[in-house]
Amino acid sequence: MEEVRLRKGEEFIRLGQALKLCGEAESGAFAKTIIADGLVTVNGEVEQRRGRKLYDGDIFCYEGNEYQVHGT
């Protein structure tokens with residue numbers, strides 16, 4: 001499992017931003033598409049909201065790759 005780190009002072013990161021940050025989505029449009037298609041899970045459940053807020057400890061998955069959000 002790989003880590004996605006929150007920036008200093010941030011409480012959360014939105015799912016679309018997290019997918020771009022970890023390299024799974026090359027653009028916001030692509031992130032929107034894969035999320036809307038139900039291909040991304042958050043904490044084991046399909047998530048279709050690009051703006052879903054991810055907090056420290058949340059885990060998201062796309063194409064078998066798991067990422068855990070970590071605070072600063």
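The values are calculated or read from the model by the stated rules, or taken from the named source; none is laboratory data. From a predicted model like this one, the values you see are computed outputs, not experimental measurements. Cβ sites come from the backbone with ideal geometry, for glycine too, and all protein chains shown count toward neighbours. We work out accessible area using only protein heavy atoms, side chains counted, and drop any ligands, DNA or RNA first. Shrake-Rupley method; radii C 1.70, N 1.55, O 1.52, S 1.80 Å.
Please go through the range 6-44 and pick out each residue that is farther than 11 Å from D58 by Cα, of a type in the set (A, V, I, L, M, F, W, C) and open to solvent by 30 Å² or more (accessible area, probe 1.4 Å).
Those that are farther than 11 Å from D58 by Cα, of a type in the set (A, V, I, L, M, F, W, C) and open to solvent by 30 Å² or more (accessible area, probe 1.4 Å): L21, C22, A29, F30, A36, L39.
So, A31, is that one over 17 Å from E3 (Cα atoms) and out of contact with any strand residue (DSSP E or B) (no Cβ under 9 Å at 6 or more places or on another chain) or not?
no
So E3 clears everything in (1) crowded, with 17+ Cβ neighbours inside 10 Å; (2) in a strand (DSSP E or B); (3) touching a residue at least 40 places away in the same chain (Cβ under 8 Å) except one condition, right? Which one?
(1)
Out of all the residues in the range 1-16, which are touching a helix residue (DSSP H, G or I) at 6+ places or on another chain (Cβ under 8 Å) and closer than 15 Å to R50 by Cβ?
I13, L15, G16
Residues of the range 1-21 being modelled with pLDDT of 95 or more and closer than 16 Å to G64 by Cβ, which ones?
Across the range 1-21, the qualifying residue is only L19.
Hey, can you tell me all the residues within the range 40-72 that are in contact (Cβ under 8 Å) with a residue 60 or more places away in the chain, closer than 15 Å to E10 by Cα and hydroxyl-bearing (S, T, Y)?
Within the range 40-72, T72 is the sole residue that qualifies.
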